[in-house]
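First the structure, in the form of structure tokens, and then the observations on it.
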Amino acid sequence: MIGAGKIKQYSNVLDKPLSKGKQEVSLSAFAFLFSELVQYNQTQVDNIAELERRLEDAGYAVGARVLELLCHRDKGNRRETRLLGILSFVHSTVWKVLFGKVADSLEKGTEHEDEYMISEKELLVNRFISIPKDMGTFNCGAFVAGIVRGVLDGAGFPAVVTAHFVPIEGQQRPRTTILIKFAEEVFPGVYDVCSVGAKKRSKVRLSLR
Amino acid sequence: MATTACFIIVSRNCIPIYEAEVGSAPKREDAAQLHQFVLHAALDIVQDLAWTTSAMFLKAIDRFNDLVVSVYVTAGPSHMFNNDISQCLPQTG
């Protein structure tokens, strides 16, 4: 629109405020790109574990960058130093920016203290993918698991993150659960600063909807 | 009045990836690498301090004689150090 108003000119590019970026990207374009990514990796590997690892590594790079970007753009230059803080950051902010909605739920594991789960009815990346029977338990959500791992690693909470299918009765397609298992060093120190998780025993399920 | 500052960006595993001298002081022969030692020593302090606050800019975390170290911690695993060397004016505060 010519002449609609004067946009403030910044003399120094560093003074310009951070742009919001493109809010929406075409879903079909992304689905196409992701399917090509999976197919390309399929030609390079011999087994499923290697394929999952490659998808995870691709996601790790995304996660590392998303953490830095969102810290400046959405969080106003504040870092996360607490475990629950970073988990809810992943569950809401990261999911909202990447997939347009917050994740379905965030739960604390019942058997082990250091396990957390983010579940989603249908991961966006899996929506247009069907897994053949002979590939067993392979889950393309490994890409998303890699993103989560990248965010947690960058923030200083090393973890092993995997994606699993959880069949739910009454539904045709299984839920996807991202299982986060934190490394040893996260837990001794974190119990001091993690005010909620430390006091309760492992039977508690912390559910954020 | 000559003031230099040394600016270093450190990545994870404490490896410096960028270094710059800002300011107009002449090169000091006797203390050529002094600022690097000082900043390296401040790394431990930063690593502990970074967990106590969610702010990103930490001001004046460490001193060495008249050199003051401040650091900007990023969300990812890197830090940016700034070391002020003031040759004529003593540091206050």
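Of the residues B:F64, B:F37, B:F81, the single one that is modelled with pLDDT under 75 and away from every other protein chain (no Cβ under 14 Å) is B:F81. Which of the residues that make up the stretch A:54-67 are crowded, with 16+ Cβ neighbours inside 10 Å and either basic (K, R) or within 11 Å of chain B (Cβ to nearest Cβ) (or both)? If the condition is that a residue be crowded, with 16+ Cβ neighbours inside 10 Å and either basic (K, R) or within 11 Å of chain B (Cβ to nearest Cβ) (or both), then A:R54, A:G63, A:A64, A:V66, A:L67 are the ones that fit.
Quick test for you: out of A:V160, A:V166, A:V94, A:V125, pick the one residue that is β-branched (V, I, T), within 25 Å of B:A50 (Cα to Cα) and in contact (Cβ under 8 Å) with a residue 40 or more places away in the chain. None of the other options fit; the residue is A:V94. Pairs meeting the criteria (first residue in the stretch B:46-68 and closer than 19 Å to B:V10 by Cα and acidic (D, E), second residue exposed (fewer than 13 other Cβ atoms within 10 Å of the Cβ) and at pLDDT 80 or above, beta carbons under 8 Å, at least 6 apart or on different chains) are B:D62/B:A41. For the residues B:V22, B:V10, B:V71, the requirement of being under 14 Å from the mean Cα position of the chain (by Cα), modelled with pLDDT of 75 or more and within 14 Å of chain A (Cβ to nearest Cβ) singles out B:V71. The set of residues in the stretch A:76-86 that are in a loop (DSSP other than H, G, I, E, B) and more than 8 Å from every other protein chain (Cβ to nearest Cβ) comprises A:G76, A:R82.
The values are calculated or read from the model by the stated rules, or taken from the named source; none is laboratory data. A quick note: this is a predicted structure, and the numbers were derived from the prediction, not measured. Every residue, glycine as well, gets a Cβ built from its backbone with ideal geometry; the counts of neighbours run over all protein chains shown.
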